[in-house]
Amino acid sequence: MEGECVGGFGRWQVRLAGLLALPVLLTGLYGTNYVFLAAHTPYRCHVSQCEDNGTLGTVSPESWSPGWTSFALPPGDVCSRRLAISDACELESFDNGSSVQCDSFVYMERRTIVAEFNLACQEGKRALVGTVHNVGMLVSLPIMGYISDKWGRRAALVVSGTGAGLLGLCKSFAGSYTAYLLAEFLETVLGASVYPAAFVLMIEWLGVEQRILASLLLGIPLSAGAATLALLDYLTGYWRLWARIAYPPSFLLLLYPWLLPESVRWLVANNKLSQAADVIKRAARWNRVAVPEDAIDKMLATQSGPVEDKNEVEDDEEESLFRAFIKYGELRRRLLTCFVWWASAVFVFYGLAVRAHALAGSPHANYALLAAAELPALLLNTLLLDRAGRRPMLTAALLLTAVALIAIPLLPDSEGVWGTALFLAGKVGATMALNALYVYTAELFPTRARQRLLAACSTCGRVGAILAPLTPLLARYGTWVPPTLLGALPLASAALTRLVPDTLGRRLPDRFRDLQNTREQSLA
């Protein structure tokens, strides 16, 4: 609608993409910060017979592994020490046949919360940070989805972005593990909806032929934010300093009510026609397109519905989402299929991020490499989604992920070069699938509930994100189990793509009954 009226993709859309780049980049920076801030930190027992209390906490490299550790600490068990039978630090002073649980620890470094809050031998507490983060996303998406549909995409973006910055900054002052967990949860509740709000706002400002540009224009800063996370953690070396540098830029979003335009589709759907006309005129001026007043009025009248159909439109506007779900079989089909897609895709996407630390080499370099792997996925989607179609590309991406990950355990050396290559290929496929899902899902649902339904699908995805950190625990049943599971889920999802129509080149539906019309047209 508005894309065609103001000249397609022009200076106005470039300005919009530039404004959205900041909150999306910050989302990439904050989104998985627990991977580094709550990362595993090497530790060992503190042995009072051989070292004083000055080594409690973090120590120098010289004090980390002195000679006495060979007889005071049992090999392969970092949570226990040999039983001391005297106060001397000698071989004969320790019982080689028995050990006791440690009551104090020494850490190799202090960069994460593990050393800060003394979480040695409490892997459950460390993993709980990621779980709480993803539970916060689960809570956030329906709340912010409602705000977006009720008060606008811009309001949801500003509240979500600045709220995340404020709570993240508070997190840097947490004095206990419990306070840190609470701040992590609240930060995510507020901040998890930046990307969905930005994405919906972007696609609603583009014409039919430029919709796929939204995934590229927003995907690049999202990937850059993830790479910045690794770089900033490497440079700062301490989680509190990282937070105090990373979160303050989000307060720039307080300027966005004056800088960022609202979605015209949302304004029209909520009967704010005068505001919609003003924004279209501004966009036309930016794109240097002459738009006659009567053309704007005619377009808005068309979008708000014909006069003779006014009662039907009013009935449709008052129809609740629950009633629509019961009434329209096509809505049920699309929504349930998207639920499965999102749960599977997000589980695999985050499962790969968690397993990145298992790759050989620097964890910072590995994470940056995974972030870089998203760029070819974005480019492939941009080149092919508008040519091959949404459904064929989603199917191909899911199959690529499945084949690459299932093949890893079949290699003689799964941690070698070929294993890493297949891992990155799986990451490319997973990124392509998740990126395509944002486009595809947003196009499958009507304007009046698009943000809420996209949020509902993304909420199902967060169930997968909550479970993803647990995948390394499956390795105890066999090293082949985690990659095989991560490959089997997209294989099952690929089989479901035949249940919904392709949306390539189709006009976005505005009302629930438009879905049924689309279904009938696709079957005709």
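The values are calculated or read from the model by the stated rules, or taken from the named source; none is laboratory data. Just so it is clear, the structure is predicted and the values come from calculations on it, not from any experiment. Using ideal geometry, Cβ is built from the backbone for each residue, glycine included, and neighbour counts are taken over all protein chains shown. Just the protein is used for accessible areas: all its heavy atoms, side chains included, with ligands, DNA and RNA removed. Shrake-Rupley method; radii C 1.70, N 1.55, O 1.52, S 1.80 Å.
Of note:
- Subset tally (residues that are surrounded by 19 or more Cβ atoms within 10 Å (Cβ to Cβ) and touching a Ser or Thr at 6+ places or on another chain (Cβ under 9 Å)) for the stretch 371-381: 6
- Residue selection: Asp386 fails the criterion of being among the charged types (D, E, K, R) and not in a helix (DSSP H, G or I).
- Only residues that are modelled with pLDDT under 75 and among the charged types (D, E, K, R) were counted in the stretch 315-374, giving 6.
- Ala404 part of a helix (DSSP H, G or I), touching a residue at least 60 places away in the same chain (Cβ under 8 Å) and open to solvent by less than 10 Å² (accessible area, probe 1.4 Å): yes
- Scanning the stretch 421-440 for residues that are of a type in the set (Lys, Arg) and open to solvent by less than 10 Å² (accessible area, probe 1.4 Å) turns up at least one hit.
- Qualifying positions in the stretch 72-85 - farther than 14 Å from Glu51 by Cα and touching a strand residue (DSSP E or B) at 6+ places or on another chain (Cβ under 9 Å): Pro74, Asp77, Val78, Cys79, Ser80, Arg82, Leu83, Ile85
- When the residues of the stretch 103-114 are filtered to those that are more than 25 Å from Gly191 (Cα to Cα) and open to solvent by less than 20 Å² (accessible area, probe 1.4 Å), the one that is farthest from the chain's Cα centre (by Cα) is Val106.
- The residues of the stretch 233-274 that are surrounded by fewer than 19 Cβ atoms within 10 Å (Cβ to Cβ), closer than 30 Å to Phe117 by Cα and not aromatic (Phe, Trp, Tyr), listed by number, are Leu235, Thr236, Gly237, Arg240, Leu241, Arg244, Ile245, Pro248, Pro249.
- Of the helices (runs of 4 or more DSSP H) lying entirely inside the stretch 22-86, those carrying at least 2 residues that are open to solvent by less than 20 Å² (accessible area, probe 1.4 Å) and either closer than 30 Å to Ala227 by Cβ or modelled with pLDDT under 85 (or both) are 34-37.
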